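Asker: Here's a structure for you.
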Amino acid sequence: MEVMASARLFGGLEALRQRVEAEAAELGVESVAWAWSGTAALALARAGVRDGFAQPVAALLDRLPLATVSAIGRHEPTLARLGCRSLGDVRRLPRGGLGRRFDKELLLALDQAYGQRPEAYEWTTLPETFHVRLELMSRVETAPALMFAAHRLLLQMGAWLAARHAGVTAFTLRWCHDAMRAKEAGTGGELSVRTAAPTRSIDHLSRLLGEHLAKVELAAPAGDLELLADEVTPLTEESRSLLPETIRAGEAIAQVLERIQARLGKDRVLRPLLADDHRLEWMQCWQPADVAKPRKRANGADLPLPTWVLDEALRLAVRDNRPIYQGPLQLLLGPDRIEGGWWHRAEAAQGPITHHVQRDYWIAQSAHAGLLWIYQQRLAADETAWFLHGHFA
């Protein structure tokens, strides 16, 4: 990696080096080295030398074996017959003879390693799809234990998503059973995870995958893992301000609901949804938390709606044509008529039946019970009756 142009952004070379080493260790990188050129840094990393600035670059590289530079290591048998055991031995050979006997890549790599010629790098081309495989160090017999290796694959997927400015809404983790498995166990299994919104947060994806793996039982020990990004969508980045931003604490509510759903099941986590209906008892329905909300908002009623609604309306007594509930009621607002025919349905033993409903809703004041939501309904033979339907908090 060429990091000099980004040193100030990450707080200096030392802070950047520490971050690179910490994140590389999570991906399984065994050795990290830094030097003035990429070829020299790679040679030092292969030799296990970390600091390429501790001594002059020539003094460090001259002691390294031939295999530390790929273009030179390809000719190691021939160079060994010439008495070369280190890069310094090759460097001391006549350049004219090296150029005639070996390909031009050898001298180019040698000059680039010692900083005598500039290096040119090719841009990394990302694949259109993400699919990685990891061989486990040992047989894993329980599904939650797969999380350690799966986290490394998730880190790779997060880097791929960040480079493509995208987020994932569905991914699949597959495991292959060990060769010493029973025939009925099959070749392996898989687990698909979906998210409510595109994300590339490794912490959230790891917690979500861990909740799903906790409910999986392996049919046989696993020896390999695969991770696939099934659904990828562009992810809009948040606009960064030059002014200090308020520190956000905790998780987003959508991520919390996803983790609870993974633990309890989708049918256990529901959210209320306001439906476009004039009848209050039909205005609210429940749907799984991961189902998208409708874009159209439901229309409200003309009168304020109560906080609490009775499961079954309570018929009120009437005195002098006035409804009574813990004393005479004073009508404040109304009426708000709700009238329906065939579309008003109720469940019965023989199946759904329709009712013709005509209600005039009022907001009434009770001296002891407070504000009430009542309605007057027309009954048979032109009779009417008053019912209590809800309370205002």
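Asker: Are any of the residues in the range 220-233 open to solvent by 70 Å² or more (accessible area, probe 1.4 Å), touching a helix residue (DSSP H, G or I) at 6+ places or on another chain (Cβ under 9 Å) and either modelled with pLDDT under 80 or not in a loop (DSSP other than H, G, I, E, B) (or both)?
Answerer: No, the conditions are met nowhere in the range 220-233.
Asker: How many residues, within the range 9-58, are under 21 Å from Leu107 (Cα atoms), open to solvent by 40 Å² or more (accessible area, probe 1.4 Å) and among the aliphatic types (A, V, I, L, M)?
Answerer: 3
Asker: Confirm whether Pro328 is surrounded by 11 or more Cβ atoms within 10 Å (Cβ to Cβ), at pLDDT 80 or above and on the phi < 0 side of the Ramachandran plot.
Answerer: Taking the combined requirement at face value, the residue satisfies it.
Asker: Look at Arg95 and say whether it is free of Cβ contacts under 8 Å to residues at least 60 places away in the same chain and open to solvent by 90 Å² or more (accessible area, probe 1.4 Å).
Answerer: So Arg95 passes the test.
Asker: Give the number of residues within the range 281-314 that are in a loop (DSSP other than H, G, I, E, B), within 30 Å of Ala369 (Cα to Cα) and modelled with pLDDT of 65 or more.
Answerer: 5
Asker: Next up: Of all residues in the range 60-88, count the ones that are in a helix (DSSP H, G or I), over 20 Å from Leu108 (Cβ atoms) and open to solvent by 40 Å² or more (accessible area, probe 1.4 Å).
Answerer: 2
Asker: In the range 243-280, how many are assigned to a helix (DSSP H, G or I) and at pLDDT below 70?
Answerer: Total satisfying the criteria: 0.
Asker: If you scan the range 112-153, which residues turn out to be among the aliphatic types (A, V, I, L, M), assigned to a loop (DSSP other than H, G, I, E, B) and within 29 Å of Gly167 (Cα to Cα)?
Answerer: Leu126, Ala143, listed by residue number.
Asker: Hey, could you check the range 84-122 for residues that are modelled with pLDDT under 90 and among the small types (Gly, Ala, Ser) and say which is nearest to Val3 (Cα to Cα)?
Answerer: So the residue we want is Ala120.
The values are calculated or read from the model by the stated rules, or taken from the named source; none is laboratory data. Values in this document were obtained by computation on a predicted structure and should not be read as measured data. When we count neighbours, we look across all protein chains shown, and the Cβ atoms used for this are built from the backbone with ideal geometry, even at glycine. The accessibility values were calculated without ligands, DNA or RNA, using every heavy atom of the protein model including side chains. Shrake-Rupley method; radii C 1.70, N 1.55, O 1.52, S 1.80 Å.
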